[in-house]
Amino acid sequence: MKRTTIVWLCAGVLSLLGAWSAYTQNPPAQPLTVRQLKDDLYIIEGTSNGAFDAGNIAVYVTSEGVILVDDRFDQDYAEVVAAVQKISNQPIKYVINTHHHGDHTGSNAKFLPSAEIIIQANARKHMIEKDMLGTPRITFTKESSVFLGGKEVRAIYYGRGHTDGDVAVYFPTHRAVHMGDLYTGTRDVMNPVMDYSSGGSMQRLACNFG
């Protein structure tokens, strides 16, 4: 993937782990906005408490339904669904979680009745340990693909990074990748945020993506 043209669909800059921990416990205060990247690929983004960017959502539209990457906080569910409905009238069929933190999985419980949610096995373990709602039914260890409407979305686990359960989600048609919190900052300046309590490793992150 290093030779591909990558569209970074990343969470924003978070400089301190303490500040990051505080923001994940509070719902976003600013309206969510939609940005179109390709004809069928969008991101939903917005700030939390007017200060920090929460996890972005990738929206991939197919003829048979919509695939989301992450779903933000529980309090965002209705606004996320409304944003997706402005993009497409197709139902949301799959949600791929990049890792277990609440700004990426918080709406899982509300999506589960109508969509399948996929997560890396270590991330699911952390959700269970932390008694988080919306634990996905489908896990994988190294790599998993979703095929819907003739399109593929691929989730790849490279090893420990921000946590020990983060994945990069790749859209082969567009050679684009959603990195979750594996890459925070800008295209030129990386500002990694580590959750060492959940198996994060700066050394492994640097080795995997350096």
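Among the residues making up segment 63-83, a single one is among the aliphatic types (A, V, I, L, M) and open to solvent by 60 Å² or more (accessible area, probe 1.4 Å): Ala78.
Once segment 123-134 is narrowed to residues that are surrounded by fewer than 21 Cβ atoms within 10 Å (Cβ to Cβ) and not small (Gly, Ala, Ser), the residue that is nearest to Glu64 (Cα to Cα) is Leu133. Of the strands (runs of 3 or more DSSP E) lying entirely inside segment 4-77, those containing at least 2 residues that are modelled with pLDDT under 80 and among the hydrophobic types (A, V, I, L, M, F, W, C) span 8-10. Of all the listed residues (Ile156, Ile118), the sole one being among the β-branched types (Val, Ile, Thr), within 26 Å of Val61 (Cβ to Cβ), buried (at least 22 other Cβ atoms within 10 Å of the Cβ) and within 16 Å of the chain's Cα centre (by Cα) is Ile118.
Val81 passes every criterion in (1) touching a residue at least 60 places away in the same chain (Cβ under 8 Å); (2) part of a helix (DSSP H, G or I) apart from (1). When Tyr158, Tyr183 are checked against the criterion of being modelled with pLDDT of 90 or more, within 17 Å of Thr98 (Cβ to Cβ) and part of a loop (DSSP other than H, G, I, E, B), a single residue qualifies: Tyr158.
Among the residues of segment 135-145, those that are part of a loop (DSSP other than H, G, I, E, B) and open to solvent by 30 Å² or more (accessible area, probe 1.4 Å) comprise Thr135, Arg137, Thr141, Lys142.
Yes or no: Ile128 more than 24 Å from Gln36 (Cβ to Cβ) and either assigned to a helix (DSSP H, G or I) or acidic (Asp, Glu) (or both)? Yes: the conditions hold for Ile128. Screening segment 84-110 for residues that are open to solvent by 10 Å² or more (accessible area, probe 1.4 Å) and assigned to a helix (DSSP H, G or I) and picking the one that is farthest from Ser145 (Cα to Cα) gives Lys86.
The values are calculated or read from the model by the stated rules, or taken from the named source; none is laboratory data. What you see is a predicted model, and the numbers here were worked out from it, not measured in a lab. In this analysis, Cβ positions are derived from the backbone assuming ideal geometry, glycine residues included, and neighbour counts consider all displayed protein chains. These area figures cover heavy atoms from the full protein model, side chains too; ligands, DNA and RNA do not enter into them. Shrake-Rupley method; radii C 1.70, N 1.55, O 1.52, S 1.80 Å.
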